[in-house]
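The values are calculated or read from the model by the stated rules, or taken from the named source; none is laboratory data. From a predicted model like this one, the values you see are computed outputs, not experimental measurements. Virtual Cβ from ideal backbone geometry, glycine too; neighbours counted across all protein chains shown. Keep in mind that these areas ignore ligands, DNA and RNA; they rest on the heavy atoms of the full protein, side chains included. Shrake-Rupley method; radii C 1.70, N 1.55, O 1.52, S 1.80 Å.
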Amino acid sequence: MKLKISFFLLLIISLPLVGQNKEESFWKKYIDEDVSELNLQNLENSDYTTAIRLWKPYQVIELIKVNDSVYQGQLVNFVTKMNRKEEKKAVVSQKLTIPASVTKILIEQLQKEGVEELPDSYDVEGYVNGLDGTTYVFEVSSNDKYRVYSYWEPENDHYQNPDLREVKSVRNVLSAINKEFDSWKLFTLFRDSLPAGRY
């Protein structure tokens with residue numbers, strides 16, 4: 001019996017050693033795949049002053065501060081086109097430029113909300129995480145640090161406590177972006193312009 005208990009304790013202690021690195025998000029491998037398919041730059045090794053990407057279903061918003069005077073931004077809409085056998089065929093995308101002035105405003109507002117330091121939602125006490133619904137994934141490269149973290153359904157009062165500081169910050173980030181442009185409308189215009197097919 002002692003041998004079984006010892007083995008069980010050893011197993012529990014050793015599991016974290018072979019598990020996923022706490023610093024690496026579950027979403028990282030999916031972001032890497034999308035970055036490759038969309039011909040985006042890998043931010044993990046970039047030398048930008050600040051780079052922020054907000055990933056959501058079928059869309060990514062990229063905001064880059066190259067240096068103190070140069071800003072670049074883009075919104076990328078994308079879908080996967082399927083062939084008749086339901087196999088993945090190709091990613092169809094559209095890249096829209098975000099003006100430098102808007103990019104600068106958004107980066108400043110997102111930094112005020114602490115986008116560079118926000119913890120992953122799994123590390124926020126009282127934050128509810130789920131599977132079905134919308135997950136926002138943040139990819140941030142700033143001050144020689146690279147991070148990926150996520151928030152599931154941050155705008156939903158049914159699941160999330162609106163008094164949590166992190167919920168307020170993420171909601172303010174989304175609100176700041178939506179104030180500058182309607183990302184959902186831009187996606188639907190892209191989607192509706194696609195030729196007939198299975199996406």
Pairs from Lys28/Lys81; Lys89/Lys179; Lys29/Lys179; Lys65/Lys89; Lys81/Lys104 whose Cα-Cα separation, in the structure shown, is over 28 Å: Lys89/Lys179; Lys29/Lys179; Lys65/Lys89; Lys81/Lys104
Accessible-area value, Glu108, 1.4 Å probe, nucleic acids and ligands omitted, Å²: 80
Given [x] 17.2, 57; [y] 23.2, 78; [z] 19.6, 69, the label whose value is Rg and Dmax of the Cα atoms in Å derived from this model: [z]
Which of Leu106, Leu96 is most accessible, then next, and so on - probe 1.4 Å: Leu96, Leu106
Residue-normalised accessible area of the stretch 19-177, given per residue in Å² at a 1.4 Å probe: 56
Carbon + sulfur, % of accessible area of the stretch 66-198 - ligands and nucleic acids excluded, 1.4 Å: 47
Listed residues Arg191, Arg53 arranged by accessible area, highest first, probe 1.4 Å: Arg191, Arg53
Whole-angstrom gap from the stretch 132-169 to the stretch 55-126, using each part's C-alpha centre: 13
Cβ-defined net charge surrounding Ala176, 12 Å radius [Lys, Arg +1; Asp, Glu -1]: 0
Pair Met82, Asn161: separation of 7 Å Cα→Cβ label points (nm): 4.0
Estimated distance in nm for a label pair at Glu116 and Arg191, the labels positioned 7 Å out from Cα along Cα-to-Cβ: 3.5
Computed magnitude of the charge dipole of the chain (debye, nearest 20; Cβ of K, R +1, Cβ of D, E -1): 680
Leu40 - accessible surface, heavy atoms, 1.4 Å probe, Å² rounded to 10: 20
Label point 7 Å beyond Cα of Leu131 along Cβ direction - residues of the stretch 58-99 with amide nitrogen under 13 Å: none
Net charge of neighbours whose Cβ lies under 11 Å from the Cβ of Tyr127, counting Lys and Arg as +1 and Asp and Glu as -1: -4
With all protein chains modelled, accessible area of Val128 [1.4 Å, Å²]: 60
